Amino acid sequence: MMTSSGSVLSPVLAEVVRSGFVEGHHRGSLVLLAADGTVELELGDPDAPVFPRSSNKPMQAAAILRAGLDLSGERLALAAASHSGEGFHLDLVRRMLTEHGLTADDLQTPPDLPLDQVEAEAYLAGGGVRERIVMNCSGKHTAMLAVCALNGWPTDTYLDPAHPLQQLIHTVVEEAAGERVTAVGTDGCGAPLMAISLTGLARAFRHFVLAEPGTAERRVADAMRAHPEYVAGTRRSDTWLMRDVPGTLSKMGAEAVQAVALADGRALALKIDDGSFRALGPVLARALDLLGVEAEVLGRIGRAPLLGGAAEVGGVRAAF
């Protein structure tokens, strides 16, 4: 289908169904890779560049390791996280800052509330205010600052695209994706953001799970999979998927981006064009089903109910 300007509309990936009536649609693009890396399914235009947003975080964390910062376990998982702002997340960020001679004032994240709504409500009820350390990318920024201090790189300009750390991240993204970065923007946290295709993003995640043990990429993948609650939170689909499907690497990004790789190299990446997270779960669950994943957690991830009053009257469902 063409728009009035002559561009091609992305296909419908999800339908919004209320009381049996389809009241809306969510369009987007999707790519599935087989275990050998070949394209198994593509919908829309997965070769067009997108900003992966936080789905780029595993590559950022791998660059931090390559630059010499020795992180592991929960600390490495948190360096690749979009954390929910739960108490255990913030406690570890504070410890990491102290361990590397840093303070919350060194962070250049925007002051924010916890990403998770339940946590945000409790935080506000307890008198909390927007703080830099609470922002969901504070673990990544702490690791970035720590590796800069380790190497004698400037910490006041660590978010400049020309900074040595950001140049290294640029290289790691291109190597993992197997393609050139086509644009550099600014992410919500203020860090440079490298555009690649969804196909490249799926290749990158596949590369991480299949990397040789001990490499930076494999260390990141192993830490994320071993400590998924630090990558996301207790009420988040990335955590559920990595916990319930052994060997799976999963990372969501803002504007409804998602990348997943299974232990054997099967992988996917998708983006909902309008950025709606309510469509992300149903589309992700359907994509995983098409990849051959059989797990009860898909029902949990794919559930996106619509309410009429206090009753459930419909939901968002995959349309492919």
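Rundown of residues vs (1) surrounded by 23 or more Cβ atoms within 10 Å (Cβ to Cβ); (2) under 16 Å from the mean Cα position of the chain (by Cα), yes/no style:
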{"site": "Pro110", "(1), (2)": "no, no"}
{"site": "Gln117", "(1), (2)": "no, no"}
{"site": "Val134", "(1), (2)": "yes, no"}
{"site": "Ser138", "(1), (2)": "yes, yes"}
{"site": "Leu150", "(1), (2)": "no, no"}
{"site": "Leu165", "(1), (2)": "yes, no"}
{"site": "Glu179", "(1), (2)": "no, no"}
{"site": "Ala183", "(1), (2)": "no, no"}
{"site": "Gly188", "(1), (2)": "no, yes"}
- Query: Taking region 226-242 only, how many residues are not charged (D, E, K, R) and not in a loop (DSSP other than H, G, I, E, B)?
  - Reply: 9
- Query: Does any residue in region 19-40 that is under 13 Å from Ala279 (Cβ atoms) come within less than 7 Å, Cβ to Cβ, of a residue that is of a type in the set (Ser, Thr, Tyr) six or more places away or on a different chain, and which pairs are these?
  - Reply: His26/Ser276; Arg27/Ser10; Gly28/Ser10; Ser29/Ser10
- Within region 214-225, can one find any residue that is assigned to a loop (DSSP other than H, G, I, E, B) and out of contact with any Ser or Thr (no Cβ under 6 Å at 6 or more places or on another chain)? yes
- With Asp244, Asp222 as the choices, which residue is under 12 Å from Glu74 (Cα atoms) and open to solvent by 40 Å² or more (accessible area, probe 1.4 Å)? Asp222
- Item | Thr157, sole failed condition from (1) more than 30 Å from Ala48 (Cα to Cα); (2) assigned to a helix (DSSP H, G or I) | (2)
- Message: Tell me yes or no: at least one residue of region 16-36 is polar (S, T, N, Q), modelled with pLDDT of 95 or more and within 25 Å of Asp264 (Cβ to Cβ).
- Response: yes
- Item | Selection count where residues are open to solvent by less than 10 Å² (accessible area, probe 1.4 Å), part of a loop (DSSP other than H, G, I, E, B) and not aliphatic (A, V, I, L, M), scope region 83-108 | 3
- Message: Among the residues in region 34-41, are any closer than 30 Å to Gln167 by Cβ and either in a strand (DSSP E or B) or among the β-branched types (Val, Ile, Thr) (or both)?
- Response: no
- Being out of contact with any Leu (no Cβ under 8 Å at 6 or more places or on another chain) and either of a type in the set (Lys, Arg) or open to solvent by less than 10 Å² (accessible area, probe 1.4 Å) (or both) is the filter here, so list the residues in region 250-279 that pass it. Lys251, Gly253, Arg278
- Task: Being open to solvent by less than 10 Å² (accessible area, probe 1.4 Å), within 27 Å of Thr109 (Cβ to Cβ) and in contact with a helix residue (DSSP H, G or I) (Cβ under 9 Å, 6 or more places away or on another chain) is the filter here, so list the residues in region 190-205 that pass it.
- Result: Ala191, Pro192, Leu193, Met194, Ile196, Gly200, Leu201, Ala204, Phe205
- Quick count over region 243-272, residues being in a loop (DSSP other than H, G, I, E, B) and more than 17 Å from Lys57 (Cα to Cα), is 8
- Query: How about region 280-297: which of its residues are part of a helix (DSSP H, G or I) and either open to solvent by 20 Å² or more (accessible area, probe 1.4 Å) or within 23 Å of Val220 (Cα to Cα) (or both)?
  - Reply: Leu284, Arg286, Leu288, Asp289, Leu290
- Message: If I ask for residues that are crowded, with 16+ Cβ neighbours inside 10 Å and part of a helix (DSSP H, G or I), which ones from region 67-82 would you list?
- Response: Glu74, Arg75, Leu76, Ala77, Leu78, Ala79
- Message: Could you tell me how many of the residues in region 30-65 are open to solvent by 10 Å² or more (accessible area, probe 1.4 Å) and either in contact with a Pro (Cβ under 9 Å, 6 or more places away or on another chain) or among the hydrophobic types (A, V, I, L, M, F, W, C) (or both)?
- Response: 10
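The values are calculated or read from the model by the stated rules, or taken from the named source; none is laboratory data. Since this is a predicted model, take the numbers as computed values, not measurements. Glycine also receives a Cβ, built like all others from the backbone with ideal geometry; neighbour counts cover every protein chain displayed. To get the accessible areas, we keep the full protein, side chains included, count just its heavy atoms, and leave off ligands, DNA and RNA. Shrake-Rupley method; radii C 1.70, N 1.55, O 1.52, S 1.80 Å.
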